[in-house]
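The structure under discussion appears below in the form of structure tokens.
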Amino acid sequence: MQRGLLWDDVEWDEELKQNAEEKIKYNSQALVSEEEQEKYETEANQFWDKFYNIHENRFFKDRHWLFTEFPDLCINSEPNEDENTSENISNKASAIQEKERINIFEVGCGVGNTVFPILETNMSSNVFVYCCDFSEVAVSLVKSNSLYNSDRCCAFVCDISSDVWEVPFEENSLDFILLIFVLSAIHPEKMQYAVNRLAKYLKPGGEILFRDYGKYDMVELRFKPGRCLSQHFYVRGDGTRVYFFSEDEVHNLFTTAGLVKTQLYSSKRLQVNRGKQLKMYRIWIQAKYMKPLDSS
Ligand SMILES: C[S@@+](CC[C@H](N)C(=O)[O-])C[C@H]1O[C@@H](n2cnc3c(N)ncnc32)[C@H](O)[C@@H]1O
């Protein structure tokens, strides 16, 4: 029995917007107390530790859509099968060693649902993936994955909203920084600071690739009153937080950090649950911002 249907890139009209605004007005009428807000901020990593202790690597799915949405991450040039003689393979291996390394940094990597698909997809290219999370539990799950290989990957603990960052790379050294559903998890007042700092580590010509929740996504509309921290910012039942972005906010964050837009759009997908006669909209914002070649 077919229970659900999906439509991509649906039109979003005034009526839908008004409907969403009403739901948000309703769920944001009372804000979480300041005392509790303080706890969600200071203990944020512990709430994520608890999350990963419960779900381990079973919650998030591997981000295989990554290569359709961000084809730049498919750095491999697939080898021609006729060329796979042992001599050619060893020649290729040394050619790869000689090729300049492509440095990718994933921030808020969780248990590696993005990291491992990137490593697997780019087996024969000189890709090195740095990844961090502020949850020690998440980082140790990445490191204990059988696909983790310290010759190609380095996972470390870092809180991008804190003043002190200890990172294993230099400024101007990264080709790509991935922000996949991570900025939405930090306090809106700390986002600009984090993006400014990340931009320093990009090479001139390097890019930040961003995908995250958009304003009016069904997850935002489903929050019950009592979970709102500030406008479009909520806390889930497990203490983890989530922000819903507008395109303008995303644009301002990256351009204020000195980056230049190469892509910015909202993707809207309609999900229909026939059983419950429900229409729900998934809204994500996707963006690519580049560090200008003449900056350092
Ligand atoms: C929604 S999950 C997304 C995980 C992963 N990027 C993915 O798409 O599967 C958000 C992740 O960001 C991490 N995170 C939240 N705030 C962070 C911070 N201030 N510094 C580093 N990581 C953070 C959380 O621990 C969590 O693993």
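Just so it is clear, none of the values below were taken in a lab; they were calculated from the coordinates. Keep in mind that this is a model prediction, so the values were computed, not measured. Backbone-built Cβ (ideal geometry, glycine too); neighbour counts: all protein chains shown.
Observations on the structure shown:
- Placing a pseudo-label 7 Å from each Cα along the Cα-to-Cβ vector at Met280 and Lys25 gives an inter-label distance of 2.5 nm.
- Semi-axis lengths (Å, descending) of the ellipsoid that matches the C-alpha gyration tensor of region 229-296: 32, 18, 8
- Packing rank of 158-164, 100-106, where each peptide gets the mean count of other beta carbons within 10 Å, highest leading: 100-106, 158-164
- Neighbour counts of other Cβ atoms within 10 Å put Tyr40, Tyr213 in the fewest-to-most order Tyr40, Tyr213.
- Principal axis dimensions, largest first and in whole angstrom, of region 175-296 by Cα: 55, 27, 20
- Cα centroids of region 110-138 and region 178-233: 20 Å apart.
- Hydrodynamic radius of region 120-250 per Kirkwood, over alpha carbon pairs, in Å: 16.6
- Residue ranges 25-36, 197-208 sort as 197-208, 25-36 when ordered by packing (mean number of other C-beta atoms within 10 Å per residue, highest first).
- FRET efficiency, 1/(1 + (r/R0)^6) with R0 35 Å, evaluated for Asn172 and Ser144 via beta carbons: 0.65
- Restricting the calculation to Cα atoms, every distinct pair contributes to the Kirkwood radius of the chain, found to be 20.7 Å.
- Within region 95-144, all pairs of alpha-carbon atoms sorted by distance into 5 Å bins from zero give the percentages 5, 22, 27, 21, 13, 9, 3, 0.
- Relative to the longest principal axis of the Cα atoms of the chain, helix 44-55 runs at roughly 80 degrees.
- Between Glu35 and Ser230, the distance separating the two model label sites (each 7 Å from Cα on the Cα→Cβ line) works out to 2.1 nm.
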